[in-house]
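None of the figures in this text is laboratory data; all of them are computed from the coordinates on show. Fair warning: this is a prediction, and the values are worked out from it, not measured in the lab. Don't worry about glycine lacking a Cβ; one is built from the backbone with ideal geometry, like all the others, and counts go over all protein chains shown.
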Amino acid sequence: MLVSIIILNYNGARWMRSCLDSVRAQSIFDQTETIVADNQSGDGSDHLSEEILSVWPPGHGRFIQNGGNYGYCKGNNLPAKEARGKWLFFLNNDARLEPDTLEVLIREAEKRSATAATPRVLDYDSDHFQSLGAGGFDLFGFPTQRLDFPQTREVLMPEGCSYLVLRSEFERLGGFDENFFMYADELDLSWRIWLAGGRCLGIREAVLHHRGAAAVNAAGGEKIVEFRTSDTKRFYANRNNLMVLLKQGGWLMRLTALLQMCWLILEGLAGVLLLRRLSFFKNTVWNVLKDVRRLRPHLQSERKRLAPLRQRSDFWMFRHFLRARLNRWDEFLRIRRFGMPKVTGDTRNRS
């Protein structure tokens, strides 16, 4: 089997049929298996997925009920353990493929000896450019430079919505870190790939369409019409970006983590002033720092586990350092396009 396509689903009824239809139409469909893993959806998308896959040719489509909402990381690790393909392709359910996406993506990845790769990601409802992977990281250690470029090139991080990786390396490096739950998981895995001697690519010739933020920013259907986020999203994104530097890096990256902490504090204070809500700082900064402290034993054990696999130093990783554009610049562009963000309060403990 050439590639196992893993689609994690949680309440994705709006998107599943289009996503699976685009997989079924792949030019190399006969060399694929598709595993839909459901995080205990409540909107009927689990039954819809089973129904669609039930009429596919035997051996090409399976449905797995994970049995709980395990987030992106464990939710994808569970089906990955059952995958048979040489490659794993982690695909978001709010994405649709061009008919030759996988053929081109895998052909170019193998030709260029890549460990992981992403196709060129366009908007769901148009050919407007979204991403070709994060080209590097900025002064504060955040992934940045999601720019278009004329040909395939190395990137720090393939996009999590369409992440192709060799199954052997995914397993050797430990898969997605389940302590992350969701967000920055692809950055964490990509950082490990680079440190262990691998290579990540953005492959322009392969094309995929992606809605993006479909759960937290659902208004507009196929078209994003507002800038919406939540304390919960900011908590996981802030915590996990910080954990990547503390987990993967030596002393140099841990110094970068201090700069990132300072940025998060300033950003949290600015959010309090804009939202007039003190809980924003508590949920997105104070709780982040508390949780990173709680997870120190995990970070220390991961550094010890990864040390024998490490082939590249912090100094080598700084070749991915880009000064030209801060990560948060993309948020400024969204504010310019949609106006100030609508921010939902903390929902992690709500049903």
- Anything in the chain that counts as a DSSP H helix reaching 27 Å or more along its axis (C-alpha) with Kyte-Doolittle mean of at least -1.0? List them, would you? 251-275
- Measuring from its Cα centre, the range 1-93 shows a charge dipole (+1 at each Lys and Arg Cβ, -1 at each Asp and Glu Cβ) which, in debye to the nearest 20, is 280 debye
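Would you please put 20-28, 153-161, 56-64 in order of how densely packed they are, using the mean number of other Cβ atoms within 10 angstrom per residue and starting with the highest? Write down the numbers at each step before the final one.
Values: 20-28: 17.9, 153-161: 23.8, 56-64: 15.1.
By packing density, highest mean first, the sequence is 153-161, 20-28, 56-64.
Set the Förster radius R0 to 45 Å, insert the Cβ-Cβ distance between ARG276 and GLU82 as r into 1/(1 + (r/R0)^6), and round the FRET efficiency to 0.05.
0.40
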- Query: Of the peptides 246-257, 296-307, how do they stack up when ordered by the mean number of other Cβ atoms within 10 Å, highest first?
  - Reply: 246-257, 296-307
- Query: With charges only on Cβ, +1 for K and R and -1 for D and E, what is the dipole size of the chain about its Cα centre, in debye, rounded to 20?
  - Reply: 1600 debye
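Within 10 Å, count the other beta carbons around each residue, average over each peptide in 259-272, 186-199, and list them highest first. Display every interim value, and only then the final one.
Numbers: 259-272: 16.7, 186-199: 22.4.
The densest-packed peptide leads the list: 186-199, 259-272.
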- Largest-first principal axis extents of the Cα set of the chain (Å): 54, 44, 40
- Item | Zone of LYS111's modelled label, taken as backbone nitrogen in the range 143-162 under 16 Å from a point 7 Å along Cα→Cβ | 150-154
